[in-house]
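Asker: Below is the structure I would like to discuss, written out as structure tokens.
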Amino acid sequence: MPQNSRWHRLPENQVVKFLFSAGLGFLVDIFAFYLFFHALFTKDSYQLFGYKVGNYNLSFSISFFMGVVVNFLVNRYLVFTESTLSPLRQFLRFLLVAIVGYFANLWLLNIYIRNLHLYPPVARPAAALSLFIASFFVHKFFSFNLSLRNQHHAAQPNHKPGN
């Protein structure tokens, strides 16, 4: 296979790297959710701060933010490396998007479980996958403040940051 083939350049593709990052965060999230749901939070519900919280909601809340941390770190150091925002600003933006994603996932999770009667460990990945595509664009343009123009210049072989 020639060195310039599309397959050879695939690992350098930002979307492919994002898929890897999201996949790694997703695996952490799903694995933790499964463990929490089946091994740690075995009662149907728990009292937290005066509120009754279902075991799948509690499991989801913790596992989701574990996946967010992994996802942010991989995005920061592998996917969107050309971002000039400070790491703190990137993380705060990433966290803001994650909080919106959290509520979107929670909403879908509840629909899948309560209305469609899906088993929670099946409903959790279904909810996450339902929101994946929007996540790439929101993180690219908001969390890491990258435009399509920057992506085009970064793809040029002689490109130096700032050109």
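Asker: For region 46-115, just list the percent of Cα-Cα distances falling in each 10 Å bin from zero outward, please.
Answerer: Histogram of Cα-Cα distances, whole percents per bin: 17, 41, 27, 13, 2.
Asker: What aspartates and glutamates sit close enough to residue 17 to cross-link, taking a C-alpha to C-alpha distance under 16 Å and skipping anything fewer than 8 places away on the same chain?
Answerer: 82
Asker: Given a cut-off of 25 Å, what percent of all Cα-Cα pairs of region 6-154 lie beyond it?
Answerer: 34
Asker: Here is a further query. Which loop trypsin sites (Lys or Arg not before Pro) in region 47-152, with loop taken from DSSP, have no more than 13 other Cβ atoms within 10 angstrom of their Cβ?
Answerer: Numbers: sites: 52, 76, 89, 93, 114, 140, 149; in loops: none.
Passing both the DSSP loop test and the Cβ count: no residue.
Asker: Right, here's the next one. If packing is taken as the mean number of other Cβ atoms within 10 Å per residue, what is the order of 21-34, 120-133, highest first? Please list the in-between numbers first.
Answerer: Numbers: 21-34: 18.8, 120-133: 16.5.
Output ranking for 21-34, 120-133: 21-34, 120-133.
Asker: Pull out the extension gain between residue 40 and residue 129, defined as 0.36 nm times the separation in residues minus the alpha carbon to alpha carbon distance; nm, one decimal.
Answerer: Working: separation 89, 0.36 × 89 = 32.04 nm, distance 2.46 nm.
Taking residue 40 through residue 129 to full extension adds about 29.6 nm, to one decimal.
Asker: Could you give the nm distance between label points at residue 137 and residue 69, where each point is 7 Å from its Cα heading toward the beta carbon?
Answerer: 3.1
Every read-out reported here was derived from the displayed coordinates using simple, explicitly stated rules and does not represent laboratory data. This is a predicted model, so every value here is computed, not measured. As a convention, Cβ positions derive from the backbone with ideal geometry for all residues, glycine included, and neighbour counts pool all protein chains shown.
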